[in-house]
1. Which residue, of G263, G278, G235, is open to solvent by 30 Å² or more (accessible area, probe 1.4 Å), out of contact with any Leu (no Cβ under 8 Å at 6 or more places or on another chain) and either farther than 24 Å from V111 by Cβ or not polar (S, T, N, Q) (or both)?
2. Looking only at the range 91-117, which residues are in contact with a helix residue (DSSP H, G or I) (Cβ under 6 Å, 6 or more places away or on another chain) and open to solvent by less than 20 Å² (accessible area, probe 1.4 Å)?
3. Suppose the filter is among the hydrophobic types (A, V, I, L, M, F, W, C), within 25 Å of I229 (Cβ to Cβ) and open to solvent by less than 30 Å² (accessible area, probe 1.4 Å); does F120 pass it?
4. So which residues in the range 55-81 are assigned to a loop (DSSP other than H, G, I, E, B), over 21 Å from F107 (Cβ atoms) and not acidic (D, E)?
5. Take A247 and decide whether it is under 30 Å from K185 (Cβ atoms) and either outside any helix (DSSP H, G or I) or free of Cβ contacts under 8 Å to residues at least 12 places away in the same chain (or both).
6. Name the residues in the range 175-206 that are touching a Ser or Thr at 6+ places or on another chain (Cβ under 7 Å) and of a type in the set (A, V, I, L, M), would you?
7. Within the range 174-229, can you find the residues that are part of a loop (DSSP other than H, G, I, E, B) and within 28 Å of Y141 (Cβ to Cβ)?
Amino acid sequence: MKKPLKITGAAALAACLVTLAGCGGSDGSKAASDKPFGECEISANPPIHKLDTMTEGELTVAASLPYPAGYRGNTLDSVDGGYMYCLDAEIANRAGLKKIKLVNASFEALVTAKSSSFDFAVWDIVVTPERKRAVDFASPYNTYLTGVLVKKGSELTAESIKQSTVGVLAGSVQLKYLQETLKPKQTRVFNSNDDLFNAVLAGQIDAAVNDTATVMPRAANSGGKLEVIGRYPIGGDVAPLLPKGSANVEVLNKILGDMKEDGTLDKIMDKWLNPILGGDPDTLPEWAA
């Protein structure tokens, strides 16, 4: 396994995505402009590896949206940045493509292959043996553990969490951990991150557990209402997800391999992910069941 990318820094998130539409702009202006991928800085004259895409000349990428940290914009028409979108953009660039179409799918639908009308999906999906039976994965682009998100001032501890109500995303590796290992007093399952985090703010649950790269930006952008108070050693490599049997796995691996070797992948994370975390996940107190 490659050494995880170091993710540190602080800044606010961009505005939330609220509606879903095509990503190239309804009038095609983004695709036709000098900046077809918004504010993403794509490489000039990189090695080209052709992908076999659903639509000729266009890369169709699935994600569980909204997710402003990864896909920045008020609507999909206006997405112009975010670490996931800029990863998609660089992959498209290195496949010789000038247009991305984003499609929305729930996280559970992606990992269980209930949705497959896309070339690949990028949404910080952890690679697990169970998921690999239903879908294929390309090479990982980062590694994450699990953070514990609470309301500011919460007195929750690594011990008291077992007597608490904890929220988790449907289909996540954290759900299995809660059910089989941590076993809190009550586990509540949510279909979206927004619902999960709003439940923390509303006091409907005592804590939410999710990837550090997901909970830390939410806390940093909460106006002091939320904080991440611990981490569990649960998670792993995150990678693009592809429909089972996709012919694009090897090609995507070549593209990601080039991006790692020439430093482009690190540059994307340094610019788009690191500044929004609000801290270093490696400094969070380590919790155990």
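1. On the way: G263 fails: open to solvent by 30 Å² or more (accessible area, probe 1.4 Å); G235 fails: out of contact with any Leu (no Cβ under 8 Å at 6 or more places or on another chain).
Of G263, G278, G235, the one residue that is open to solvent by 30 Å² or more (accessible area, probe 1.4 Å), out of contact with any Leu (no Cβ under 8 Å at 6 or more places or on another chain) and either farther than 24 Å from V111 by Cβ or not polar (S, T, N, Q) (or both) is G278.
2. Correct list: I91, R94, I100, L102, V111.
3. On the way: among the hydrophobic types (A, V, I, L, M, F, W, C): yes; within 25 Å of I229 (Cβ to Cβ): no; open to solvent by less than 30 Å² (accessible area, probe 1.4 Å): yes.
Judged against the criteria, F120 is not a match.
4. The initial filter retains those residues of the range 55-81 that are assigned to a loop (DSSP other than H, G, I, E, B), namely 56-57, 64-71, 73-74, 79-80.
Adding the requirement that they be over 21 Å from F107 (Cβ atoms) leaves 56-57, 74, 80.
Of everything in the range 55-81, those that are assigned to a loop (DSSP other than H, G, I, E, B), over 21 Å from F107 (Cβ atoms) and not acidic (D, E) turn out to be G57, N74.
5. Values: under 30 Å from K185 (Cβ atoms): no; either outside any helix (DSSP H, G or I) or free of Cβ contacts under 8 Å to residues at least 12 places away in the same chain (or both): yes.
Against the criterion (under 30 Å from K185 (Cβ atoms) and either outside any helix (DSSP H, G or I) or free of Cβ contacts under 8 Å to residues at least 12 places away in the same chain (or both)), A247 does not qualify.
6. L178, I205
7. Start the filter on the range 174-229 by keeping residues that are part of a loop (DSSP other than H, G, I, E, B), which leaves 183-185, 191-192, 202-206, 221-225.
Listed by number, the residues that qualify are N191, S192, N221, S222.
To keep it simple, each residue is scored yes or no on (1) touching a Ser or Thr at 6+ places or on another chain (Cβ under 9 Å); (2) at positive phi.
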{"site": "V209", "(1), (2)": "yes, no"}
{"site": "A219", "(1), (2)": "no, no"}
{"site": "R231", "(1), (2)": "yes, no"}
{"site": "V238", "(1), (2)": "yes, no"}
{"site": "D270", "(1), (2)": "no, no"}
{"site": "G278", "(1), (2)": "no, yes"}
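The values are calculated or read from the model by the stated rules, or taken from the named source; none is laboratory data. Only a predicted model underlies this, so the values are computations on that prediction, with no experimental measurement involved. Neighbour counts run over all protein chains shown; Cβ positions are idealised from the backbone, glycine included. With ligands, DNA and RNA removed, areas are computed over all heavy atoms of the protein, side chains included. Shrake-Rupley method; radii C 1.70, N 1.55, O 1.52, S 1.80 Å.
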